[in-house]
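The values are calculated or read from the model by the stated rules, or taken from the named source; none is laboratory data. From a predicted model like this one, the values you see are computed outputs, not experimental measurements. With ideal geometry, Cβ positions are generated from the backbone for all residues, glycine too; neighbour counts draw on all protein chains shown.
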Amino acid sequence: MKKVVIAIIIVVVLIAIYAFSTYNTLITLGVTADTQWKQVETQYQRRFDLIPNLVEIVKGVAKQEQTVFGDIAEARTRYSGATTADDRAKAASQVEGAIGRLLVIAENYPTLKSSDSFQTLMSQLEGAENRVSVERTRYNEYVRNYNLKVMRVPSSIIALIFGFDEKEYFNSEAGAEKAPKVDFE
């Protein structure tokens with residue numbers, strides 16, 4: 001009888017140790033994914049800080065392209081007002097579409113393309129776009145690791161007990177794979 005009680009105590013202690021370990025792992029993975037999303041937002045902010053300067057340079061040369069400037073301003077406003085990661089990602093995708101149209105406009109103005117200020121800003125914007133892409137990829141990797149832990153048995157039981165839900169991946173908006181079209185007619 002004494003051996004059975006000791007065995008039960010050992011099993012309970014092992015289950016408790018596993019539960020605490022899994023709980024701490026889920027917390028760590030969740031915080032890591034959230035922190036990575038903050039990195040994505042930091043890169044978005046860097047890009048958004050470059051955009052007004054780029055827009056002002058383009059405005060000086062391409063005054064008739066006011067629609068694109070309005071789209072960029074509207075998308076930045078939506079991003080600032082977004083409260084969830086998904087809403088921010090959608091707003092960021094709208095900014096990307098507007099930037100694409102802006103770049104097409106810039107291609108049609110040789111004077112603009114030869115401007116040192118424009119070239120410097122374009123280089124910085126390209127760097128910002130690359131960093132955004134890298135950070136989004138990392139975010140999705142961290143979300144994948146977290147979600148796998150939440151979904152796999154037996155850790156899924158601990159996740160269910162303590163209310164750990166799957167996180168959403170960063171997804172591009174529908175149609176983001178298409179190049180923007182600008183019509184000068």
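Of all the numbered requirements in (1) at pLDDT 80 or above; (2) assigned to a helix (DSSP H, G or I), F69 misses one, and that requirement is (1).
Against the condition modelled with pLDDT under 80 and within 19 Å of R46 (Cβ to Cβ), how does A98 come out, does it pass? Spelling it out, A98 is indeed modelled with pLDDT under 80 and within 19 Å of R46 (Cβ to Cβ). Name the residue that is modelled with the lowest pLDDT, counting only residues in the stretch 1-45 that are under 27 Å from D87 (Cα atoms) and aliphatic (A, V, I, L, M). Across the stretch 1-45, the extreme among qualifying residues is V40. Residues in the stretch 73-82: is at least one at pLDDT 75 or above, outside any helix (DSSP H, G or I) and farther than 30 Å from D116 by Cα? Checked against the condition, which is being at pLDDT 75 or above, outside any helix (DSSP H, G or I) and farther than 30 Å from D116 by Cα, the stretch 73-82 yields at least one hit. Within the stretch 153-185, can you find the residues that are part of a loop (DSSP other than H, G, I, E, B) and modelled with pLDDT of 65 or more? V153, P154, G163, F164, D165, E166, K167, E168, Y169, F170, N171, S172 - these are the residues of the stretch 153-185 that are part of a loop (DSSP other than H, G, I, E, B) and modelled with pLDDT of 65 or more.
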